[in-house]
Amino acid sequence: MKERKNVYKLPAGDKTLEWYAKAVIAMKQKPTTDPRSWNFQAAIHGFNANLPAWQGSAPIPSRLITQQFWNQCQHGSWYFLPWHRMYLAQFESIVAQTIVELGGPPDWALPYWNYSDTSNPQARTMPPAFTSPANAGNGLWRSGRQNTTIPARYVSLSALRVIPFTGNGQNSPLGFGGPETPFSHNGGTHGELEQLPHDVVHGIIGGVMGDPRTAALDPIFWLHHANIDRLWQVWLNQGGRLNPKQNSWLDLKFNFYSKTGKPGTMTSRDVLDTRTILGGYVYQDVPPSAAPVFESAEAAPDFSEPLEIVAASNKKLNLESAATSVTLTIVPPRKEKPRMESASDTPATTILHFENIKGKGQPPVHDVYINPPESGDKEAYYAGSLGFFGVEEASTASTHHSGSGQHLALDISELVAKLRTEGDWKGKKLNVVLEPTRKLEEGEKVTIGRISLYSA
Ligand code: C2O
């Protein structure tokens, strides 16, 4: 059984990163047609020959191979977590095999980057081995990263509080893991963990990490995803939380290559228990599992109560370099009493949706505020952030996507409840302010088809 360790807790003299760097260089030397090459592994996540990062990758495998094995990453979907778990396990075994072939130890495991570890002041900064020396001789370095430190706001673990795994914020509250979808290379509403920290960390690092079609070319990608995979286990171990039980989630087959270069398939059912995946692994620093709250999945509550749309913007927004402000007029829900106005202690579920988001390039992360004051500190009105990871691909029609754009959503129930207590909530008008974390650069563009508010 392997242990995936916190990269910042590797003991002095530990060789995990040194071997990783050597393996990256060895994998980069293999041709893109080799399933165990660095390029092939990254292309499983996403590939686009027109992007500069893919220049020099030719020759590529036959269409028969690329259609089955490339551009497979699952986003905006309940397959987001299991697919990336399968992907990481296969990749880890290929790296470990490469290390053995290079004369290294037999037990290499992927470390994880826990940027949310508040006990370590360094935690939000990419481990130094990835940034220095800053040259191609360092297997862990990658050119073009915009930031190597993640601001504190974006490492929030608020997603862990979410109870249901599945949900889309319309027919049901938002889910931890994403909405029920078919195979979804770039699909529905992003799940809460996917949105924050996942998407935003991609956007803040930028460079190849800022686009799913190139992200896995950066060696830090894998440590970011090991952390996301760990957080799935942390979420589950809190108790009262369950993975989906539908066969459509459990049994959909995804294509991968093994460490010996053999094609095969994996399913969510195969990766439910990390201890049984390809020899097995556990994470350092995952609190033990709380006693199960429900005797069976059947006994668990149903979170599928539909929400009702109570407000929507009426025109397409073009996010410019300065902050964008939109005011929505709220129509109280028709059913029973209008709970948005009521003074009840339990916050009504309130979800803010950003629909048909289309973009070009890698638009900056935007922070969202609700009813902020015109001047002064907006911090108390912060509702969350939009990462736009994958927006350009989601805006482009292809075999995998209609091109209708991306769908992001923020659960603002707690913020609304707080504003109501403090008298900053009128219940009739909702002012949404979107503020970019940097200026839009040339070639970057982002539009939002509609902002809507759902409530229950
Ligand atoms: Cu499939 Cu972090 O991306």
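The values are calculated or read from the model by the stated rules, or taken from the named source; none is laboratory data. Quantities reported herein were computed from a predicted structural model and do not represent experimental measurements. Counting neighbours? That spans all protein chains shown, and the Cβs are built from the backbone with ideal geometry, glycine included. To get the accessible areas, we keep the full protein, side chains included, count just its heavy atoms, and leave off ligands, DNA and RNA. Shrake-Rupley method; radii C 1.70, N 1.55, O 1.52, S 1.80 Å.
To the nearest 500 deg cm²/dmol, what mean residue ellipticity at 222 nm is calculated for the chain from DSSP H runs of n ≥ 4 alone, each contributing -39,500 (n - 2.57), summed and divided by the residues? All intermediate terms of the calculation are to be shown ahead of the outcome.
On the way: 9 runs with 92 residues, N = 456.
Estimated from H runs of four or more residues: -6000 deg cm²/dmol.
At a 1.4 Å probe radius, carbon and sulfur cover how many percent of the accessible area of the chain? Intermediate values should be presented prior to the final figure.
Working: 9820 of 18920 Å².
Carbon and sulfur atoms account for 52 percent of the accessible area of the chain.
Mind checking the full-extension length gain between ASN135 and ASP377? Use 0.36 nm per residue of separation minus the Cα-Cα distance, one decimal, nm.
Working: separation 242, 0.36 × 242 = 87.12 nm, distance 4.09 nm.
Contour length minus the Cα-Cα distance gives 83.0 nm.
Return the lysines within reach of LYS259: Cα separation strictly under 30 angstrom, same-chain partners fewer than 8 residues apart disregarded; answer none if there are no such residues.
Within the straight-line limit of under 30 Å, LYS259 reaches these lysines: LYS2, LYS5, LYS9, LYS15, LYS22, LYS28, LYS30, LYS245.
Count the net charge of all other residues whose Cβ sits under 13 Å from the Cβ of ARG269, scoring Lys and Arg as +1 and Asp and Glu as -1. Walk me through the numbers on the way to the answer.
Details: positive: ARG85, LYS245, LYS253; negative: ASP251, ASP270, ASP273.
So the surrounding residues net to 0.
In the stretch 226-262, whose amide N lies under 18 Å from the spot 7 Å out along Cα-to-Cβ of ASP285? List them in ranges.
In the stretch 226-262, the label zone of ASP285 (backbone N under 18 Å from the point 7 Å along Cα→Cβ) covers 226-238.
What's the magnitude of the charge dipole for the chain around its Cα centre, counting Lys and Arg as +1 and Asp and Glu as -1 at the beta-carbon? Answer in Debye, nearest 20. Mind showing how you got there, number by number?
Values: 43 positive and 43 negative charges, 142 e Å.
About 680 debye.
Using only Cα atoms, find the angle between the long axis of helix 80-101 and the longest principal axis of the chain, and express it within 0 to 90 degrees, rounded to the nearest 10.
Long axis of 80-101 versus the principal axis of the chain: about 20 degrees.
Per residue, how much accessible area does the stretch 21-73 show when a 1.4 Å probe rolls over the protein heavy atoms, in square angstrom? Working shown, then result.
On the way: 2410 Å² over 53 residues.
With all protein chains present, the stretch 21-73 gives 45 Å² per residue.
Using only the C-alpha atoms of the chain, find the volume of their convex hull and express it per residue in Å³. Before the final figure, lay out each step's value.
Values: hull volume 68.8 nm³, N = 456.
Enclosed volume per residue, from the Cα hull, is 151 Å³.
Report the trypsin sites (Lys or Arg not before Pro) located in the stretch 376-438 that are in a DSSP loop and have at most 16 other Cβ atoms inside 10 Å of their Cβ, or state none. Display every interim value, and only then the final one.
Details: sites: LYS378, LYS418, ARG420, LYS426, LYS428, LYS429, ARG438; in loops: LYS378, LYS426, LYS428, ARG438.
Qualifying residues, ordered by number: LYS426, LYS428, ARG438.
Quick one: longest stretch of the chain between exposed loop chymotrypsin sites (Phe, Trp or Tyr not before Pro), exposed meaning at most 14 other C-beta atoms within 10 Å and loop per DSSP? Don't skip to the end; give the middle numbers.
Numbers: sites that count: PHE183, PHE294.
In short, 1-182.
With a 1.4 Å probe and all protein chains left in place, how much accessible area per residue does the stretch 101-156 have, in Å²?
Numbers: 2620 Å² over 56 residues.
I get 47 Å² per residue for the stretch 101-156.
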